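The structure appears below as structure tokens.
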Amino acid sequence: MNEIFQLLKKGNKSALTAAIVNVLVSIIKGTTYIFTGNVAMFAETLHSLGDAANQFFVFVGSALSKKRPTKRFPNGFGRVVNLVLLGAVLIVGIMAFETIKEGISHIFHPTESTGFIINLIVLGVCTILEGFVLVKAMHEIAHDVGLESRGLKLFKDSLANFGKAKAATRLVFLEDSVATGGGLLAMIAIIISYFTPYHQAEGIASALIGIMMFIVVGKVFLDNAAGAIGESDEVLQVQIGQLVMSDPDVKDIQVITVLKEGDFFHVEVEVELDPEMTLAQVDDVKDRLEENILNVKGVVDVLVSFDEDDAIRSWEYGDGR
């Protein structure tokens, strides 16, 4: 039990913050929907409820992925976060379906909701809270890539480096981008419905929110399906290849593989050395390469093997081999 608590301390903080905020937001929105019957508010309630459950599972998954390797699982538990995210998107998918279904029903059978002021106030407050979580996720993305951005530069840098962030952070960013945008969309729909006889606006907003949720489901599913299977990181592969080739004793690289395991990387590299080198010299090269590669951020395991130099260049910068 103590080990579990220690692991939870290492869980993704953005996911935990988002889960707590979305629980609070879903309670507020759900209570408002009960009293006003506003279908856009219903969509936002399901959206926030799905996000809360989703992000809580992500927090737990990101924590468990930090568990140390065992004899049974020598490669560690890095892919746990990918498996948890694959399960979590099912929740969002179900909520998205219900949101779209309710929105379409309201489009064909529009009804006038009540509580115009309270709906706007609740959505405004909740959108600000979700915007706070979104900004926190942006800071996490910047932190993951070693940047300390602020203001508008933070927004630009978080979008530019989205793919380099941790899987859990990317999920929180996507979901709260949709949550913030969905809140604004719902507010616009409520205003249109109140000041015009076009009450279908709330139904359209609900359907659009559901479609945005499905887009998130698709993106997260594809990213984490690849992670669960095991995907290479070509950018880090080139970086480590350059690092290995900078060693004065390395003549060439025959094979280099950088496998992503959750938030961590496993590296395998086969290098060519001068066949005249002694065993002691080869051992020194091995120790030096392992130390240098392990200093690369995120790398937790390195396997270095050797072959004699064949005088044929196999590895070139950026060729991915």
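Just to verify a result, which residue in the range 86-118, among those that are polar (S, T, N, Q) and not in a loop (DSSP other than H, G, I, E, B), is surrounded by the fewest Cβ atoms within 10 Å (Cβ to Cβ)?
Going through the qualifying residues, I end up with Ser105.
Counting only helices (runs of 4 or more DSSP H) wholly contained in the range 1-73, the ones carrying 3 or more residues that are open to solvent by less than 50 Å² (accessible area, probe 1.4 Å) occupy 13-36, 39-64.
The condition of being open to solvent by 20 Å² or more (accessible area, probe 1.4 Å), not charged (D, E, K, R) and not in a loop (DSSP other than H, G, I, E, B) holds for only one of Leu154, Leu83, Leu147, Leu123, that being Leu83. Criterion applied to Ser206, Ser177 was being touching a His at 6+ places or on another chain (Cβ under 9 Å), assigned to a helix (DSSP H, G or I) and either closer than 25 Å to Glu44 by Cβ or touching a residue at least 12 places away in the same chain (Cβ under 8 Å) (or both), and the one residue passing it is Ser206.
For the range 262-277, the set of residues classified as farther than 19 Å from Ile312 by Cβ and either of a type in the set (A, V, I, L, M) or at pLDDT 90 or above (or both) consists of Val267, Glu268, listed by residue number.
The set of residues from the range 191-233 being over 18 Å from Gly78 (Cα atoms) and either among the β-branched types (Val, Ile, Thr) or not assigned by the TED database to the domain that holds Tyr33 (or both) comprises Ile191, Ile192, Thr196, Ile204, Ile209, Ile211, Ile215, Val216, Val217. Total residues in the range 154-174 satisfying the condition of being at pLDDT 80 or above and among the charged types (D, E, K, R): the figure is 3. Filtering the range 130-144 to residues that are in contact (Cβ under 8 Å) with a residue 24 or more places away in the chain and surrounded by fewer than 16 Cβ atoms within 10 Å (Cβ to Cβ) leaves only Phe132. The condition (being of a type in the set (Val, Ile, Thr) and free of Cβ contacts under 8 Å to residues at least 40 places away in the same chain) is satisfied by just one residue among Thr114, Thr45: Thr45.
The values are calculated or read from the model by the stated rules, or taken from the named source; none is laboratory data. In this text the structure is predicted, and so the values were computed from the model without any measurement. Positions of Cβ are generated from backbone atoms using ideal geometry, with glycine treated the same way; all protein chains shown enter the neighbour counts. We work out accessible area using only protein heavy atoms, side chains counted, and drop any ligands, DNA or RNA first. Shrake-Rupley method; radii C 1.70, N 1.55, O 1.52, S 1.80 Å.
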